[in-house]
Amino acid sequence: MIKYNDIKIGDYLKAEFEGKMWEGEVVNLNGDEKQVCVDTGVQEFWFETEHLYPLELSDAALGMLQFQKQANDDGSVKYMKGSFRLVIPKEGDFTTIEMWYREDRRHHPDVHFVHQLQNQYLDMTKIHLTSEPMV
């Protein structure tokens, strides 16, 4: 489950309905009822927060978000999108992250899921992180 206050329009997450999981993008929020509208790619549906789950931060998720990957000589991996950088200590290890955008550096932020990365990215760049490529 994800806390309602941690969700922003544009966040990617999983939504569950009758045992089936859908990945989608948040397209609307209803603060009065604490409901979230998710576009599953087929249709938009409203969900209670107890039916919403985070997407794990992974190499595949960063690829979906159009990050470019660079393996470093020391075994660390750098992911880049525009001027934004994210470094993990070794391939597949997203437990410790460093990220920066221009002079804003963040060591070990509490980022374990895609929506958390999207929210940090928005805070740092003032642009929402989407799956659209940089132009």
| task | Enumerate the calculated ³J(HN,Hα) couplings along segment 104-112 in order (Karplus 6.51 cos²θ - 1.76 cosθ + 1.60, θ = phi - 60°), each rounded to whole Hz, writing x wherever the residue is Gly or Pro. | result | 8, 10, 10, 9, 6, x, 7, 10, 10
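List R85, R105 from most exposed to least, where exposure is judged by having the fewest other Cβ atoms within 10 Å.
R105, R85
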| field | Inter-site label distance for S58 and N30 at 7 Å from Cα along Cβ, in nm | value | 3.2 nm
| said: Can you tally the net charge around E16? Count Lys and Arg as +1, Asp and Glu as -1, for every other residue whose Cβ sits under 12 Å from the Cβ of E16. | reply: -2
| query | Among all the lysines, which ones have a C-alpha under 16 Å from K126's C-alpha, if same-chain residues fewer than 8 places away are not counted? | reply | K8, K81
| note | With only helices counted (DSSP H, runs n ≥ 4, each -39500 (n - 2.57)), the per-residue ellipticity at 222 nm for the chain, to the nearest 500, works out to -4000 deg cm²/dmol
| remark: With Cα coordinates, the longest principal axis of the chain makes an angle with the long axis of helix 114-125, in degrees rounded to 10, of 60 degrees
| remark: Assertion target for D74, D6, ordered by fewest C-beta neighbours within 10 angstrom first, is D74, D6
| query | Normalised by the residues of segment 1-93, what does the relative contact order come to in percent, with Cα pairs under 8 Å and at least six apart? | reply | 20 percent
| Between H51, H107, H115, which gets the highest mean-square fluctuation from a Gaussian network model of the chain, Cα cutoff 10 Å? | H107
| message | From the phi angles alone, apply the Karplus equation (6.51, -1.76, 1.60; θ = phi - 60°) to segment 38-45 and give each ³J(HN,Hα) in whole Hz, x where the residue is Gly or Pro. | response | 10, 8, 8, x, 10, 7, 8, 10
| task | Arrange the peptides 36-45, 13-22 so that the one whose residues have, on average, the most other Cβ atoms within 10 Å appears first. | result | 36-45, 13-22
| Given a cut-off of under 8 Å on Cα pairs at least six residues apart, what relative contact order in percent is computed for segment 4-53? | 32 percent
| message | Give the lysines whose C-alpha is closer than 22 Å to that of K14, dropping any in the same chain fewer than 8 places away, or say none. | response | K3, K34
| Can you give the convex hull volume of the alpha carbon atoms of the chain per residue, in Å³? | 116 Å³
| request: May I ask you to derive the FRET efficiency for Q70 and T49 from their Cβ-Cβ distance with R0 = 35 Å, giving the value to the nearest 0.05? | output: 0.45
| Rounded to whole Å, sorted largest first: equivalent-ellipsoid semi-axes of segment 4-53, Cα gyration tensor | 15, 12, 9
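Computed from the coordinates by the stated procedures, all read-outs in this text should not be read as laboratory data. As the structure is a prediction and not an experimental result, all values here were calculated from the model. FYI the Cβ positions are ideal-geometry reconstructions off the backbone, even for glycines, and counts take in every protein chain you see.
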